[in-house]
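Read the structure below first, then the notes.
The values are calculated or read from the model by the stated rules, or taken from the named source; none is laboratory data. Everything numeric in this text was worked out from a predicted model, so none of it was measured. Quick reminder, even Gly has a Cβ in these numbers, built from the backbone with ideal geometry, and neighbours come from all protein chains shown. Side chains are part of the model used for accessible areas, which takes the heavy atoms of the whole protein and leaves out ligands, DNA and RNA. Shrake-Rupley method; radii C 1.70, N 1.55, O 1.52, S 1.80 Å.
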Amino acid sequence: MRDIDIRLALRKEMGKKHWGETDTLIKEELGLCQGFARIDLAVVNGSVHGYEIKSEQDTLVRLPGQARIYNRTLDFVTVVAAPAHANKIRNIVPAWWGIWTAVQGDKEVRLETSREPSRNLNVDPFKFVQFLWRDEALQALTDRGLAAGIRSKPRDELWHRLASELTLEELGRIVRDHLKRRGVGSRSPSSPG
């Protein structure tokens, strides 16, 4: 079972699950922490839920490093794995991660839930706010009267100000709103296809 087989099944599942949700963005290859990692598929609505694919051709060597970044930036994470990897993954990722097993059926790949995800309680506000582009971070500061003395500073300083001045809940609303605005055209499908 190849990555593309699992990816197609995951796209189809997300299309069914989020069909008609106008406030949901489904985005493939979402960059995290300034591009140090990418999550295979992200669903952005009231949270940012990342889905990482591990096919039979993949090794699990990179997963601990990916997990360190995902753990700091995503509200929920689910790994979607070939059966050969599913049990090993349990020993690598935190207990709050979901695990789905991709099973080859007669005609298509089925996704079976092995473990439901729960909310990440340890999102790092500074890493999370790095989803914002510089102009978006500056606009968020300006809108809240926090941009004085920092307008010409590098984005890292803008991110630090946001992360130190706003709650994670406020940052979440700002980040999700900007991700959805940028993702026009990648909204949830209009038919359950």
Could you tell me the calculated FRET efficiency between Q34 and L60, based on Cβ-Cβ distance and R0 = 22 angstrom, to the nearest 0.05? 0.35
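Please figure out what share of the DSSP beta bridges in the range 41-193 is antiparallel and state it in percent, rounded to the nearest 5. Intermediate results must be reported in sequence, preceding the final value.
On the way: 10 of 20 bridges.
The antiparallel fraction comes to roughly 50 percent.
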Taking 0.36 nm per residue of separation between S152 and R134 and subtracting their Cα-Cα distance, the length gained on full extension comes to 5.4 nm
Scan the range 42-121 for chymotrypsin sites (Phe, Trp or Tyr not before Pro) in coil per DSSP, keeping those whose Cβ has at most 16 other Cβ atoms within 10 Å, and list them by number. W96
What Kirkwood hydrodynamic radius do you get for the chain when you take the inverse of the mean 1/r over all pairs of distinct Cα atoms, in Å? 17.5 Å
I need the calculated FRET efficiency for the pair I4 and I92, taking r as the beta carbon distance and R₀ as 25 Å, to the nearest 0.05. 0.60
Where the chain is the region considered: accessible area per residue in Å², 1.4 Å probe: 51 Å²
Cα pair distances exceeding 14 angstrom across the range 103-162, given as percent: 65 percent
Longer than 23 Å from Cα to Cα, which of K27/K88; K54/K107; K54/K88; K17/K88; K17/K127 are they? Say none if no pair is. K27/K88; K17/K88; K17/K127
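What do you get for Rg/Rh over the range 12-104 if you use C-alpha atoms and the Kirkwood form of Rh? Can you show the working numbers first?
Working: Rg = 13.1 Å, Rh = 13.7 Å.
Across the range 12-104, the Cα-based Rg/Rh ratio is 0.95.
Leaving out ligands, DNA and RNA, what percent of the accessible area of the chain is carbon and sulfur, probe 1.4 Å? Please list the in-between numbers first.
On the way: 4800 of 9860 Å².
Whole-percent figure for carbon plus sulfur exposure: 49.
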Rounded to whole Å, give me the distance from the Cα center of the range 83-119 to that of the range 31-69. 14 Å
List residues of the range 165-180, by number, whose backbone nitrogen lies under 13 Å from a label position 7 Å along Cα→C-beta of D143. 170-180
